[in-house]
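One structure is given below, encoded as structure tokens.
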Amino acid sequence: MRALVLVIMYWLFVGSGATYAQWQLRIENSEPDKELLRSYLPSVEYASLVEVQQAVDTIIITLQRTGYFQAYVQPLPTTDSLIYRVRIHPGSPFRWAYLQSGNLDPIMQAQSGYRDELFLQQPFQYDDFQQLVENCLNYSENHGYPFASVRLKDVKIEGQEISAALDYQSGSLIHFGELNVVGTERVNPEFLEAYLGIRTGSVYSEKKVAQITSRLQLLPYLLLEGPVETRFQNEVANLYLPLSYQPTNQIDGILSVLPDAGRDGELLLTGELNILLRNLGRTGKTFSLNWQRLQVASQQLAITYDHPNLLRSPLGIGFNFSLLKEDTLFLNRNVNLNVSYVSGSSQRITAFGDWRSSRLTGENSFTTETVAPPLADVSIQGGGLRYEWNQVDRLLFPRRGYSLSISGRGGRKSVSFWTQEDAQNDLLTYQTVESDQWAGELSFAQYYMLGSSVGLFHRLRGAGLLDEQLFLNELYRLGGIKSLRGFNDNWFFASQFALSNLELRWLLEPESAIPSYLFAFYDQAWLREEYQGYRGVDVPLGIGAGISVSTSAGLFSLVYALGKSQDQELNFSTSKVHFGYISRF
């Protein structure tokens, strides 16, 4: 019995290898025809007879699409059961004698790409003709004629030459009807019409309808529960959107427990408060406020307001204000006014005006040095452009896709500081220096799913200041839970930096819109600090792990991080523990 089992297993796993023998396709044609057919033949070996026959059929179809209308196949007898012999008769190729524009108007000819010389005494290529038809139909369905058609008329075949004319039928002109929101009343249909670019009475566009799903994915407070339905009736297209409202307004706080550098063995509690209100007045407006207490005498405040679709147009306006009080050293303020334009389903272009200032406080308002000090009163007036591209599957907790943001700004900088030139008579001199400053910033994030419950997140950020006279108090700030974990908030100064955040996530509730998950991370940075003759480079890193728990009441997070830099060893005594809670409503 044991011997019989071994024989069966051998036949299944070894002896059955004949099942995978390769079929061969042999084309018995003359050399000129073989040379022609060689480019149509993807392979000569196949796993089964069905695949061989399908390959031969594909060759015939391809020949016919390239003008060999009379091509056919002739099977030949064979003595080998694994060889399929055929003779393919391609025939003579057909050509266009001419293809007239028919009733295409000049606009349609330009949009479709039609030109007489493309079809005048040229080889027949079905793909070229098909592309011409598709261009006509695409233009029509995006300009109010979704039921247009294109066909050939006055077709004549003389020998191997074809002559014909195009016959375009537009069908009825269709306008958009009502935009019906089904399932929730917490969004204004008029706002959605402006946001989607679909207004009642405007000319129908299939492109705008196709973009509805991707556009709605960028509104975190709305969830599309099913397909968008279009109903055509009496030359009107009414749209039905099955939507549900998602709680995305949030209030959250973070408590950080840090070693107090000023008192050995003591701990310092710092805090943060975030308020985010989306869809104010059911019209998509957004307001956010962020306050942080970074150190004992340091605080930070940021306020943002975004008003989309101003006067029901694709334009939006926004306002940003930020303030940073750095201990008793300086106070930074930034005011930003912007106008944005939404292009397509996922792109946004923003032009902004920028007003920045930094004022020294306390004893730092003057110096006894005879050269420019590391800190100074600085004011910058300028503006810039920002481009954003978002291709994520969902906005609140993306699983797949990527997002890109590139911005550049420039402005005229004025620097003022007191210097004491003569220490004997206490003579102070107030100096003002002007220069140009340029800056560029980049952020690129990617989201992957390595399985049903394992995800990978990677973000790359970079920025740089270009200025002949930089001061410490105008440099970029990094460090903390939102940038480089394992360090205090705003611990590092940088005139140029590159920062990589890599995070491996294990989703505990893969099907949930905002799942609970465990994660491990690795942050790596390259920092250059350059100001007033000082130059330094550091490559700090942060490693750690955490957990994020999603509940009906909100989101709780716990992060444990270790950091290493030139001034900090990778040591558990300098570890950082961050607690966070987000309440959504």
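I'm trying to understand the selection: among the residues of segment 158-176, which are touching a Ser or Thr at 6+ places or on another chain (Cβ under 9 Å), closer than 30 Å to R95 by Cβ and in contact (Cβ under 8 Å) with a residue 24 or more places away in the chain?
Within segment 158-176, Q160, A165, L166, D167, Y168 meet the criteria.
Residues of segment 550-562 being farther than 17 Å from F519 by Cα and in contact (Cβ under 8 Å) with a residue 40 or more places away in the chain, which ones? Talk me through it step by step, then tell me what you get.
Going through segment 550-562, the residues farther than 17 Å from F519 by Cα turn out to be 551-554.
Listed by number, the list holds a single entry, G554.
Grab the helices (runs of 4 or more DSSP H) fully contained in segment 153-270, keeping just those with 3 or more residues being surrounded by 14 or more Cβ atoms within 10 Å (Cβ to Cβ), at pLDDT 90 or above and not assigned by TED's automatic domain parsing to the domain that holds A513. Full working, then the answer.
Values: elements: 189-196, 206-210, 212-216.
Ranges flagged: 189-196, 206-210.
So is A520 among the aliphatic types (A, V, I, L, M), at pLDDT 95 or above, surrounded by fewer than 16 Cβ atoms within 10 Å (Cβ to Cβ) and assigned to a strand (DSSP E or B) or not?
Numbers: among the aliphatic types (A, V, I, L, M): yes; at pLDDT 95 or above: yes; surrounded by fewer than 16 Cβ atoms within 10 Å (Cβ to Cβ): yes; assigned to a strand (DSSP E or B): yes.
Taking the combined requirement at face value, the residue satisfies it.
Taking the options F119, F94, name whichever one is under 41 Å from the mean Cα position of the chain (by Cα) and under 30 Å from V56 (Cα atoms).
Working: F94 fails: under 41 Å from the mean Cα position of the chain (by Cα).
The match here is F119.
Just need a number here: residues in segment 470-499 that are more than 18 Å from V378 (Cα to Cα) and either crowded, with 18+ Cβ neighbours inside 10 Å or modelled with pLDDT of 95 or more (or both). Talk me through it step by step, then tell me what you get.
Of segment 470-499, the ones more than 18 Å from V378 (Cα to Cα) are 478-492, 496-499.
Then drop every residue that is not either crowded, with 18+ Cβ neighbours inside 10 Å or modelled with pLDDT of 95 or more (or both), which leaves 478-481, 483-492, 496-499.
Residues flagged as more than 18 Å from V378 (Cα to Cα) and either crowded, with 18+ Cβ neighbours inside 10 Å or modelled with pLDDT of 95 or more (or both) within segment 470-499 amount to 18.
Suppose the filter is more than 25 Å from the chain's Cα centre (by Cα), acidic (D, E) and buried (at least 17 other Cβ atoms within 10 Å of the Cβ); does D467 pass it? So that I can check it myself, show each step before the final result.
Working: more than 25 Å from the chain's Cα centre (by Cα): yes; acidic (D, E): yes; buried (at least 17 other Cβ atoms within 10 Å of the Cβ): yes.
Considered against the rule, which asks whether it is more than 25 Å from the chain's Cα centre (by Cα), acidic (D, E) and buried (at least 17 other Cβ atoms within 10 Å of the Cβ), D467 comes out as yes.
Kindly provide the set of residues from segment 397-417 that are assigned to a strand (DSSP E or B) and surrounded by fewer than 18 Cβ atoms within 10 Å (Cβ to Cβ), ordered by number. First the steps, then the outcome.
Looking only at segment 397-417, we keep the residues that are assigned to a strand (DSSP E or B), and these are 401-417.
The answer is G401, Y402, L404, S405, I406, S407, G408, G410, R412, S414, S416.
Against the condition among the β-branched types (V, I, T), assigned to a strand (DSSP E or B), touching a residue at least 12 places away in the same chain (Cβ under 8 Å) and in contact with an Asp or Glu (Cβ under 8 Å, 6 or more places away or on another chain), how does I547 come out, does it pass?
Answer is no for this residue.
Just wondering, is there one or more residues in segment 500-523 that are of a type in the set (V, I, T) and closer than 30 Å to L475 by Cβ? If you could, list the steps in order and put the result at the bottom.
Taking segment 500-523 first, the residues of a type in the set (V, I, T) are 514.
Cutting the leftovers down to closer than 30 Å to L475 by Cβ gives us none.
No, every residue in segment 500-523 fails to be of a type in the set (V, I, T) and closer than 30 Å to L475 by Cβ.
The values are calculated or read from the model by the stated rules, or taken from the named source; none is laboratory data. What you see is a predicted model, and the numbers here were worked out from it, not measured in a lab. Note: ideal-geometry Cβ built from the backbone for every residue, glycine included; neighbour counts use all protein chains shown.
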